[in-house]
Structure formats: structure tokens, C-alpha cells
Amino acid sequence: MCGIVGYIGKKRAVDVILKGLSYLEYRGYDSAGIALISNNNTNIFKAPGKLSNLKEILCLEKEENINATMGIGHTRWATHGLPTEANAHPHSCNCKSLTIVHNGIIENYKDLKPELEKKGCKFISQTDTEVAAHLIAHEFEDKKDLLKAVQSAVKKLKGAYAFCVTHKSMPDRIIAARKNAPLIIGVGEGENFIASDIPAIIEYTKKAIYLSDNQVAEIKTDSIKIYDENDTLIANKVENLPFEPIALSKMGYKHFMLKEIHEQPDVVRNVLVDKLHDEDTKVILDDVKLNKEQLSKINRIQIIACGTSLHAGLVGKYILEELTGIPTDVEASSEYIYRNTIADENTLVIGISQSGETADTITAIKQAKEKNSHILIITNRKDSAMARLADSLLPINAGIEVSVAATKSYMAQLLSLYILTIFIAENINSKENGHIKDIKKELLTLPSKLESILNDTKNIENIAKKYSSFKNFIFIARGINYPSALEGALKLKEISYINATGYPAGELKHGPIAMLDETMPVLAILNEGIVYDKVLSNCEEAKARQAKLIGVTNFIDEKHKNLFDDMVSIPEISDIVSPALNIVVLQLLAYHISEYLGKDVDQPRNLAKSVTVE
Ligand code: AGP
């Protein structure tokens, strides 16, 4: 989503900010802008579209207009108003003295706007942010101090925000504020940085202060002062940042997505290391703060997540119910929050999120916390807002994921769910040991099986080319691979904009079958197991309607010959662990179709890597 970078120091701010914004590009945006403040002068530059458009404008500027050593920049993902130059940030007040960049949504902007208009404020954009600009400017007229103006204004704002604010009469400071949207202050020597995410500043500093909700910060070249919601100065808590700059390299792959797909064998190894040693040793999960007695009291599990993380949660339901016998519900966070969810102190609530910053999931978790449920967070970001809300934290250690389409984080979430399930099952003795041992053994063989798929992708590439001109796709599966069908379809629509839908194979005949003809390819996941014959029959039904059929299977069967138009084989694997292999085929298929169609694989249109608005 939107990205913020601020800089105050001795370097040319434009260089630091543009570089920082380029490291946030992967998060998704549709316009960009920058404000440079020097000698009581503010220069604002904005452009719709990619950051390169903004860079072109800046290249044509005279040096004296862009040589400031302080500034704020922004990449905007449109929520209120089209992605135009007028709606791009920074926004300003009537006299252009104040500038602001903002992530989040000011929910009461429609209430505040008429009052400000009555006071003479002229609005030139359709954004909610411009209301904040005028509001702070008004407070500034009264208080004559930018910190005090922001402190007073934020008390009138509802919704979510991470801000950076400057005023040309105070060119030695940037004021930052946050509520329900991430913001960090990078601590340098003789310079300081502000960013909505670590990659923007990691090249310059490894030390940062994470702003908490309702805090306001005054940042100068050589000082950082943080104030709480009562405007009381509080002590700075400087933390070490977790990323190395190298993590943002494509390492020779054409796209981050392809690199991240290929990283999955190592991702699995990373999840398992220190947790699962061999099939005879119990799973160790030091970060799960529930002992045997507490685990035995759990009578309900609720998994809340969005998008790809939700699909990982659906696989989680199958394995948790199968191995622990505890009833498990999975719900999209955005649905969980607007009804009276039944949860209590015997409910284990599992929040799953790659970014740890997804607004819907954060709200859902806060709601569950109020019911005294134990909150367990599975995330790729140990430093995220969600991680900070956790009673137990299960970091998935997938490494930074740059491609907007989640791949390796899904794999790491799946593996974390297997490990967590086994941990619970072993503690409550819910399943006979033999079954669990078999699963553990298989999990340990996953990296080499994944490698065997990734080492020979020619067949998948050919299938991708053959089907890339189709406008619609159906993905079907049953049982534990139904979520794989959903995730495979999501991957395809996200990066190729092809209309793909996942269905439980048995549901085809209850409606979707009406759409089948030779223009509608059907991809079926057929794993040897209790639903194999059923999926095969559903494939026959599709074939009888002339649909082109693609199979993904771990089973060599003569019956496939005259039925499937194309077939991808995966290594031998049990049904319960198979989602971890099947999904790689579907990720590769989506990737190669998108690449073949010449789409922007890593930054698909309209999407954001971390969705920080509800
Ligand atoms: C995945 O490819 C998507 N970009 C999206 O569905 C994502 O999984 C969803 O927004 C949830 O994000 P999170 O895991 O960071 O909470």
C-alpha cells in the first residue's frame, strides 16, 4: 500500500527519499510525490503512475530547487479519488507552508471538511488527507508550533494514519504521528529517517524506533523526541532492524516472484530447523506460551486471515481437526469483525499474516483479545503490529517477500501450521503416534521433493504458453486440496488478470458446470487418497462438456490417458502433506502465464503488498 519516506540530515534528501520509495515500490502504488524543504521554502513535485515519472520531472529541475537536506516522500495507493497528480501526496494548505504525507484513511474527513471550508480552506484534491493538511495548518496558526499543532489535530481525527508533516517556517524538524498504520524512525548519526517499512531505510541505518499507536514524534537532525497520547515526553526505545539490504536483490531471476518460488525448499528447511529434528522426537515450539494443561482446555480454534493467508488457514483447519480433534473455524478477517463471534478463554485464536500489518486481521485480533482468547500469530514479520498483539508468536522466517503475489510466505505458513498442529496433538495426545510419525517423516522430505519439481519446469512452462490466451479458468479439488485450488486461482487472477475461480470439485455440478465448454479450461488436483476417484468422476463430467482438462497428480493412472489434455506429475506424497507440493505447480503456472502475457508480474495493477486499510 502507500509508502512513506522522510529524511532530515546532511545528504540531498531527494536522493535518499527516491531510493527509499523505490524499495517500497513492491508494496503497490499508483502515484508518487515529494516535498523538499529548505531556507523557508517548500518545493512539491508529484506525478501519477510509476516512480520513474516523478524522477523524470525531478531530472528537469534546477539544482537549487532540489538540493534540500530535508524532505518527505510518498507512494500513493488510491483510496479516495483517482490516481491523479492532484490527489498524489504530499498535500498542503492554502498558503503551501505545510506539507503532509499520509498512509491510512481519515474516516471523519467528510465531517471535518465543511467546517474547514467555512474557515476559508480551499480543497484541490478528492483525498481524505487534504483535510488533515488544512486541519494541522489551522492548529499551527493558533499554536505557532508544528509539534503542538499535530498533537492537537490528531485528537480530532478518526481512523488510521501514519503521517509526516513539515512547515516551511520550521525547516529543522519533521513531525511524525501514527495510529493503526506502521511508521518507524530510523536513527542515524547527524541524520534521521522516517519510513512506513524497513526496506526504505535499511541501507542507511540498522537502528530504529517503532512508533506506537497515538504517539507523535519530533524529528530533527540530531534529536528524536517521542510523545505519548497525553503529550508527555517518553523515553526512546531503539531497536535493531532485522533485514539485510541483499534481501531485495532478484539474485539473477527475472522476477522476485520466480526467485521466491525457487526459495521454497530453503524456506521449508528454515521453518523446520530447531522445531522438527526427526520423526521420533517431539516438536519443539519455544514461542508457543501454552503448556499441556492449557492446551487440553482448548475446545475451539478460530483462524482469521485474508487472501493467501486465509487459504493457508483453510489447509490448517483440515490438519488441526484431523490430528487434534479440536473444532476449527476459518474466517476472513473482514467478516469476523462485523458479527458477534463466539469466543472465550478456551478458544485459541490463530491470526495468520505475511505482513503482520493487514488492517482487517489486526482489528479481528483485537476483537478476539477482548474475549480473553489466547492469540497466536503466525507471521513473517516479527516486528509487526500483529506480532506485538500476540500472546504466542510463531515467526515463519521466510525472509522478505517482495513480489505482491505471496508464494514462499504461503509455503512457510503451511509448514508452520503442520508444526503447530503436531505440537498440539503431541501435547494433548489426540492421535496415535504412528500417524504423526509418518507426517513428520514426510515433512522432512519436502525440501528435496520441492527441488525435484523446481528443477524441471519445462512441462509447466509449455502448458502455461498453451493456455495463456484463455480468458477464464476453473480450478477444482476436494478435501485438503480444495484450499490449493482457491490459492492457485487467486495466484492466476492476481498476476494475469484472467478470471479464475476455485471450486470444491463436487460443487461443479451444482452450478458452475453451466459455464463449461471448450473455452473454459478446468485444472484438477488429483491426489491419491479418499477423494481421488470422486475428483476423477468430476473431471469426466467436465470432459463431457468439452472443457480442456489439466491434471496435477501424484498418481500414475491409465485412466488419465484419454481424459486429460495436459498433465503435471508431482512426487509421491500423502494426501495430508500434498498441498505443499501441489501449490508450487499452480504458482509456476500462474507465473509463466503472466510472464508470457507480458504482465507486471511483481507489481500487478491495483494490488498492494500489505493492505493497511480496512
Ligand atoms: C497474496 O498473493 C495477496 N497479495 C493477498 O491476498 C494477501 O495474502 C492478503 O492481502 C493478506 O496479506 P497478509 O498475509 O500480509 O495479511
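We did not get these values from a lab; they are worked out from the coordinates using the rules stated. Everything numeric here is computed off the predicted structure, so don't read it as measured data. All Cβ positions, even for glycine, are placed from backbone atoms using ideal geometry, and neighbour counts span all protein chains on display.
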Of the candidates G159, G188, the one satisfying the condition of being touching a residue at least 40 places away in the same chain (Cβ under 8 Å), at positive phi and under 30 Å from the mean Cα position of the chain (by Cα) is G159
Would you check if S373 is within 17 Å of A406 (Cβ to Cβ) and either acidic (D, E) or under 25 Å from the mean Cα position of the chain (by Cα) (or both)? no
Which numbered condition V165 fails, given (1) touching an Asp or Glu at 6+ places or on another chain (Cβ under 8 Å); (2) over 30 Å from I460 (Cα atoms); (3) not hydroxyl-bearing (S, T, Y): (1)
Residues being under 11 Å from I303 (Cα atoms) and within 9 Å of the ligand (Cβ to nearest atom) - total across region 354-372: 1
Return the only residue of I436, I463 being more than 22 Å from the chain's Cα centre (by Cα) and closer than 20 Å to K275 by Cα. I436
So is I375 within 25 Å of Q294 (Cβ to Cβ), crowded, with 19+ Cβ neighbours inside 10 Å and within 13 Å of the ligand (Cβ to nearest atom) or not? no
Which members of region 446-471 meet the condition of being farther than 13 Å from H592 by Cβ and exposed (fewer than 14 other Cβ atoms within 10 Å of the Cβ)? S448, S452, N455, D456, S469, K471
Taking region 355-389 as the region of interest, how many residues are farther than 22 Å from G104 by Cβ and aliphatic (A, V, I, L, M)? 4
Go over the candidates I224, I234, I209 one by one and state the one that is touching a residue at least 12 places away in the same chain (Cβ under 8 Å), surrounded by 12 or more Cβ atoms within 10 Å (Cβ to Cβ) and within 14 Å of I174 (Cα to Cα). I224
State which residue is farthest from the ligand (Cβ to nearest atom) when the search covers only region 295-327 and only residues that are of a type in the set (S, T, N, Q) and touching a helix residue (DSSP H, G or I) at 6+ places or on another chain (Cβ under 9 Å). S296
Going by what's in this entry, would K440 be described as away from the ligand (no atom under 16 Å from the Cβ), under 25 Å from T501 (Cα atoms) and in a helix (DSSP H, G or I)? no
What number goes with the only condition from (1) out of contact with any strand residue (DSSP E or B) (no Cβ under 7 Å at 6 or more places or on another chain); (2) more than 20 Å from L18 (Cα to Cα); (3) buried (at least 17 other Cβ atoms within 10 Å of the Cβ) that I202 does not pass? (2)
Restricting to region 381-421, and then to whatever is within 14 Å of the ligand (Cβ to nearest atom) and part of a strand (DSSP E or B), can you tell me which residue is nearest to L248 (Cα to Cα)? P395
Which of the helices (runs of 4 or more DSSP H) found entirely inside region 448-545 contain at least 3 residues meeting this: away from the ligand (no atom under 16 Å from the Cβ)? 458-467, 532-543
Quick one: would you say V601 is in contact with a helix residue (DSSP H, G or I) (Cβ under 6 Å, 6 or more places away or on another chain), in a loop (DSSP other than H, G, I, E, B) and within 16 Å of the ligand (Cβ to nearest atom)? yes
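Yes/no per residue for (1) in contact (Cβ under 8 Å) with a residue 12 or more places away in the chain; (2) farther than 29 Å from R269 by Cβ; (3) of a type outside the set (D, E, K, R):
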| position | (1), (2), (3) |
| --- | --- |
| Y497 | yes, yes, yes |
| Y503 | yes, yes, yes |
| L526 | yes, no, yes |
| G529 | yes, no, yes |
| K548 | yes, yes, no |
| E558 | no, yes, no |
| A580 | yes, no, yes |
| V585 | yes, no, yes |
What single numbered condition from (1) under 30 Å from L492 (Cα atoms); (2) more than 26 Å from the chain's Cα centre (by Cα); (3) surrounded by 18 or more Cβ atoms within 10 Å (Cβ to Cβ) fails to hold for E321? (3)
Expected output for region 601-614 (first residue closer than 11 Å to V404 by Cα and charged (D, E, K, R), partner within 11 Å of the ligand (Cβ to nearest atom) and in a loop (DSSP other than H, G, I, E, B), Cβ below 6 Å, 6+ apart or cross-chain) is D602/S403; K609/G28; K609/V404
Select from region 484-533 the residues that are under 19 Å from the mean Cα position of the chain (by Cα), under 27 Å from I576 (Cβ atoms) and among the hydrophobic types (A, V, I, L, M, F, W, C) and list them in ascending order. L486, A489, L490, L492
